[in-house]
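The values are calculated or read from the model by the stated rules, or taken from the named source; none is laboratory data. This is a predicted model, so every value here is computed, not measured. Virtual Cβ from ideal backbone geometry, glycine too; neighbours counted across all protein chains shown.
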């Protein structure tokens, strides 16, 4: 059974008359319209700013699309230019290699006579040095061991003998003790033993020792 207080609460929640209901509905509608108008007025600045921002976005999109098209066009053109450049460069490299090979062969042919003469001159310089100095002295100048220096002297004399250019008094009069002991290298560039003149054209030209330096050693 409903208590008196509950019944009173239920009655207070009921709409008592049709007139009251109609008035309340109209009042609610008026309040809603007024609220809507107020919201629209408040939203006008926001809508204006949003429209401007949207316009900026559309402009940026237009510029971006134009830039993308331009970039794509440039990339396409660049690819074609790169392909052409690669082909041209490959052809130039091939031609340069052929020209270089031809020049080197011509230079080697022209150098054969000079190389043989320089080998003989080198042998003469070594033998001349040995006339006034010992293998130890030559080893110091060339940065060799004394044994290597002595072998170089012997091979130089043999080369001169083969060429019929053996100088008088070229016999080795230097001491031979400790011939295997290496000496401290000097500042001169090491020079290997001279090759046989008959085969000199097939070998690399050794670094010649300056005769003026040898004469002053």
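Return a yes/no flag: does segment 15-36 have any residue that is exposed (fewer than 10 other Cβ atoms within 10 Å of the Cβ) and either assigned to a helix (DSSP H, G or I) or in contact with a strand residue (DSSP E or B) (Cβ under 8 Å, 6 or more places away or on another chain) (or both). Yes: one or more hits. Quick check: is even one residue across segment 63-74 without any contact (Cβ under 8 Å) to a residue 60 or more places away in the chain and under 26 Å from the mean Cα position of the chain (by Cα)? So far as segment 63-74 goes, no, none of its residues is without any contact (Cβ under 8 Å) to a residue 60 or more places away in the chain and under 26 Å from the mean Cα position of the chain (by Cα). Would you say residue 41 is exposed (fewer than 10 other Cβ atoms within 10 Å of the Cβ), in a helix (DSSP H, G or I) and at pLDDT 90 or above? Answer is yes for this residue.
With the structure loaded, tell me whether residue 116 is surrounded by 10 or more Cβ atoms within 10 Å (Cβ to Cβ), at pLDDT below 85 and either on the phi > 0 side of the Ramachandran plot or assigned to a helix (DSSP H, G or I) (or both) or whether it fails that test. Yes: the conditions hold for residue 116.
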